[in-house]
Amino acid sequence: MKIILDAMGGDNGPDANIKGAVNAITKVKAEIVLVGKEEIIRSKIKEFYGKEIEEISDRLTIHNATETIQMEDQPTVAIKHKKDSSMVVGFNILKQDEGDVFISAGNSGALLAGATLLIGRIKGIDRPALAGILPAYESQLLLMDCGSNTNCKPINLLQFAQMSSIYLKNTFGIEKPKIGLLNIGTEETKGNELVKESYKLLKEKSEELEINFVGNVEGRDAFSGKIDAIVTDGFTGNVFLKTTEGLGKFVKRTLKESLLKNIISKIAAVPSLPAINRFSKTMDYKVYGGALFLGVKKPVVKAHGSSDEKLFEYTILQAEKFVENKAVEQMIEAFDKK
């Protein structure tokens, strides 16, 4: 297996990208290809580790790309004109079957445009979408869509539910994943026109499409562990995702400051450290990796734009699992039967 990593994309690239790949190379079986400006990548590796890349691992290689797509670039224009950018080169390696999965923390719009234009949609899917994984009570939650389609139609949310159900069943072994529709209330009549029409369509088609639709879900119930996935449009989903991440950081920071406030609280905290560490790990969204771009013909993973080396490491581990479980092949097969 070959994992293709955009070494230049993201707020912290290429440093975090390179360090994450080096950390991950001892934990994956796959080869990792760093796509980007070779001279820069080599100098960074020498600076960080005092070694040449060949001395670190024979499964860690570089594929040169002379350009970089910036966050402010127009997505479609950048994909069409920056043909030697690390992102476009990475997509072409994937398209030509010279790699098995592509990861980038770069310009989200460009990544989505590239995946759609260069890799192509799965037949039967109108709009691919980002599927983010978040922690939930004694389980995890799939958020679909978490940022790729800001304006949706009911058919899009129906397909998001289909893809979520197929992915969770085949990859995580959940026989009948519980799929909810994110809303401001649980009643059928609540929400805007998109949500109300989507509810009707999901209710009508759920049995035919083998979707275990459980109705509307309010944000406060999303992490109860009783829901396996929630579907929404990309605008609402991204707000939900960023709010959740921010709240997690706030809780961890506040807890830490409370425990270290004075000598008494420090002493009292010692017996609770194992439980505190478990709680901290549960709240750490980084261990869940990036967001899978479901609905395209080959595996593509969007890492957070602000990814640090830890998040890149976990995203690489997640990507290997994504390929091993043949998630895309199963998605293609499932939609061929629809």
Mean separation of Cα contacts under 8 Å (at least 6 apart) over the residue count of the chain, i.e. the relative contact order in percent, is 23 percent
Among Gly295, Ala115, Ala16, the residue whose Cα sits farthest towards the positive end of the charge dipole of the chain (+1 at Cβ of Lys and Arg, -1 at Cβ of Asp and Glu, taken about the Cα centre) is Ala16
Computed about the Cα centre, the charge dipole of the chain from +1 Lys/Arg and -1 Asp/Glu charges at the Cβ has a magnitude in debye, to the nearest 20, of 660 debye
With a 25 Å threshold on alpha-carbon distance, the violating pairs from Lys169/Lys297; Lys153/Lys190; Lys29/Lys51; Lys123/Lys190 are Lys123/Lys190
Among Val251, Asn156, Gly237, the residue whose Cα sits farthest towards the positive end of the charge dipole of segment 130-288 (+1 at Cβ of Lys and Arg, -1 at Cβ of Asp and Glu, taken about the Cα centre) is Val251
Rg/Rh of segment 130-288 (Cα atoms, Kirkwood Rh), to two decimals, equals 1.07
Rounded to the nearest 500, the 222 nm mean residue ellipticity computed for the chain from DSSP H runs (n ≥ 4, each -39500 (n - 2.57)) alone is -14000 deg cm²/dmol
Whole-Å distance linking the alpha carbon centroid of segment 150-199 with that of segment 76-90 is 33 Å
One finds, for Glu207 and Glu324 with R0 = 25 angstrom and r their Cβ-Cβ distance, a FRET efficiency to the nearest 0.05 of 0.20
Restricting to Cα pairs under 8 Å and 6 or more apart, the percent relative contact order of segment 130-288 works out to 31 percent
Sorted on mean Cβ neighbours within 10 Å (highest first), peptides 26-32, 251-257 come out as 26-32, 251-257
Restricting to aspartates and glutamates and to Cα separations under 15 Å from Lys252, and discarding same-chain partners fewer than 8 apart, the set is Asp284
So, relative contact order of segment 199-330 in percent, Cα under 8 Å, 6 or more apart, is 14 percent
So Thr26 and Glu175, fully extended at 0.36 nm per residue minus their Cα-Cα distance, gain in nm 50.4 nm
Ala269 neighbourhood, Cβ < 13 Å, K/R = +1, D/E = -1, net charge +2
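The numbers here are math on the coordinates, done by the rules we state, and not lab data. Every value quoted in this text rests on a predicted model; they were computed, and no experiment measured them. Note that each Cβ is placed from the backbone with ideal geometry, even for glycine, and that neighbours are counted across all protein chains shown.
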